[in-house]
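In what follows, a single structure is set out as structure tokens and then discussed.
The values are calculated or read from the model by the stated rules, or taken from the named source; none is laboratory data. Bear in mind that the values here come from a model prediction, so they are computed numbers and not experimental data. Cβ placement follows ideal geometry from the backbone for every residue including glycine, while neighbour counts extend to all protein chains displayed. Heads up: the accessible areas ignore ligands, DNA and RNA and are worked out on the full protein's heavy atoms, side chains in. Shrake-Rupley method; radii C 1.70, N 1.55, O 1.52, S 1.80 Å.
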Amino acid sequence: MSGRAAIAGPTPWRLHGRARQWLQRLHLWLGLSVGVAYALIALSGSLLAWQQPWLRAAYPQLGGHALPDATQRAAVLAHIAAEWQPQDLRAADLPLPGLPVWQLYFGDGTRRYLDPVSGELLLTRAPRGDVLQVVREWHTHLLAGKTGEEVLGVLGWLVLLLLLSGPLLWWPGRRNLAASLRPHVQPPTRRWLSWHRSAGVLTLPLILLVSLTGTLMVYGAGTGRLLRAVFAEPPPPKPPAAIALRDTPIDWAAVLAAAQRALPGAALHRMTLPGAHNGQLAIRAQAPGEWHQVGRSTIWLDPWNATVLGSHDATADGVGTRINNAVYPLHSGGVGGRAWQLAVTVAGVLPPFFLATGFLFWRTRTRRRG
């Protein structure tokens with residue numbers, strides 16, 4: 001008896017009894033309910049991983065421009081401040097290689113695009129005015145504003161539970177690992193189960209990372225506080241004290257030069273122009289080594305005398321803050337080049353595959369039993 005036990009080896013750990021039955025039911029019903037929304041959200045994420053090429057393809061007038069020099073940028077900024085700032089302009093993206101035009105963000109959700117050199121209006125996109133806008137709104141807010149974002153957070157935690165329950169039900173022990181991952185063609189019940197199980201196990205790290213980062217983005221401020229507490233980091237720096245507006249011309253070339261000197265080597269990305277309650281100019285910048293596409297570094301300036309009031313280099317942040325800053329680029333495919341962009345695209349296609357194979361397995365097995 002002892003010889004047989006020695007040959008057979010230890011029994012691999014597996015869930016048994018009522019715990020396994022309850023987990024199977026939970027996995028099944030989460031997959032057939034939450035899985036539908038998850039599949040549609042994930043598929044929209046695959047599309048958004050290519051939103052800049054999509055935008056340029058949909059609107060050819062946005063591509064093919066040469067980037068402006070310092071003098072041209074200053075001239076267009078003066079035009080933006082005079083014409084568009086009074087119309088509830090919230091922020092402006094500077095022309096960059098990926099999108100070589102000025103992109104203006106307005107309070108009602110409208111976006112306008114200007115020629116990088118002349119400042120001429122090239123395109124106006126109304127909220128939900130094209131397919132890309134609708135896909136983005138669905139992916140981030142389920143087309144339901146703040147309420148949809150809160151629902152998205154709850155769905156995210158349920159999806160993570162769904163993803164983690166699968167390996168617990170599957171684990172066959174190390175000796176049977178390779179055999180359990182082999183796909184089958186027949187019979188249909190075994191085919192759908194093996195495809196569902198093998199793809200799920202092999203791609204779990206990828207899909208878990210993309211799903212987790214998406215969920216954490218819903219709770220961005222809370223995630224940041226938690227990570228800072230875990231790593232015993234101080235709170236983020238506060239902006240300098242507000243300054244008064246002045247009715248004098250702004251030397252935009254001097255302002256941009258001062259911002260560049262404040263963070264040498266950083267790419268200036270997004271500007272928030274002076275407002276009614278604060279005359280400061282804030283510029284988001286991407287310092288060398290930052291993953292975030294817009295950058296988490298910030299420069300605050302007094303634009304009337306081109307004086308830097310304060311600056312923050314995000315590459316000097318602690319580990320917890322840098323982890324939080326990496327959540328968005330990891331989720332959106334904005335870091336790691338084309339390889340990670342393709343990986344994020346695949347991660348968005350997998351949930352529809354899991355939904356289809358899981359449903360076919362359930363239906364085939366139910367019909368056979370019935």
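Computed quantities for the displayed model
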| quantity | calculated |
| --- | --- |
| 1.4 Å probe accessible area per residue over the chain, in Å² | 53 Å² |
| Centroid-to-centroid separation of region 125-193 and region 202-261 [C-alpha atoms, Å] | 28 Å |
| FRET E, pair residue 308, residue 182, Förster distance 56 Å, beta-carbon r, rounded to 0.05 | 0.35 |
| Helix 131-141 axis, angle to the chain major axis (alpha carbon atoms, nearest 10°) | 70 degrees |
| Relative contact order of region 1-155, defined on C-alpha pairs under 8 angstrom at six or more residues apart (%) | 19 percent |
| Residue 276-residue 174 pseudo-label distance in nm [points 7 Å out on the Cα-to-Cβ vector] | 6.8 nm |
| Anisotropy class of region 6-108 from Cα gyration tensor, a/c 1.5 cut | prolate |
| Length released on extending from residue 206 to residue 245, taking residue separation times 0.36 nm less the Cα-Cα span | 9.1 nm |
| With Cα atoms, 0 to 90° folded angle of helix 17-48 axis to the chain main axis | 30 degrees |
| Stretchable slack from residue 293 to residue 367, in nm (0.36 nm times residue separation minus alpha-carbon distance) | 21.6 nm |
| Rel. contact order, % - alpha carbon contacts under 8 angstrom, at least six apart, the chain | 20 percent |
| Label of the coordinate-derived value, P(r) over Cα pairs in 20 Å bins from 0, in percent, listed as [x] 27, 48, 23, 2; [y] 28, 59, 13, 0; [z] 23, 48, 21, 7, 0 | [z] |
| Rel. contact order, % - alpha carbon contacts under 8 angstrom, at least six apart, region 214-283 | 29 percent |
| Simple spin-label estimate for residue 339 and residue 160 in nanometres, 7 Å along Cα-Cβ | 2.7 nm |
| Shape call, region 24-165: gyration tensor on alpha carbons, a/c limit 1.5 | prolate |
| The chain - percent of accessible surface contributed by carbon and sulfur, probe 1.4 Å | 63 percent |
| Label-point separation, residue 121 to residue 149 (7 Å along Cα→Cβ), nm | 2.8 nm |
| Gain in span if fully extended, residue 22 to residue 226, counting 0.36 nm per residue against the direct Cα distance | 70.3 nm |
| Alpha-carbon Rg/Rh ratio, for region 232-370, with Rh computed the Kirkwood way | 1.26 |
| Nearest 10 degrees, 0 to 90: helix 188-202 Cα axis against the chain principal axis | 50 degrees |
| Sorted peptide list for 115-122, 53-60, criterion being average Cβ within 10 angstrom, highest first | 115-122, 53-60 |
| Share, in percent, of DSSP beta bridges within the chain that are antiparallel, nearest 5 | 100 percent |
| Structure-based [θ]222 nm, the chain - -39500 (n - 2.57) summed over DSSP H runs of at least 4, per residue, nearest 500 | -18000 deg cm²/dmol |
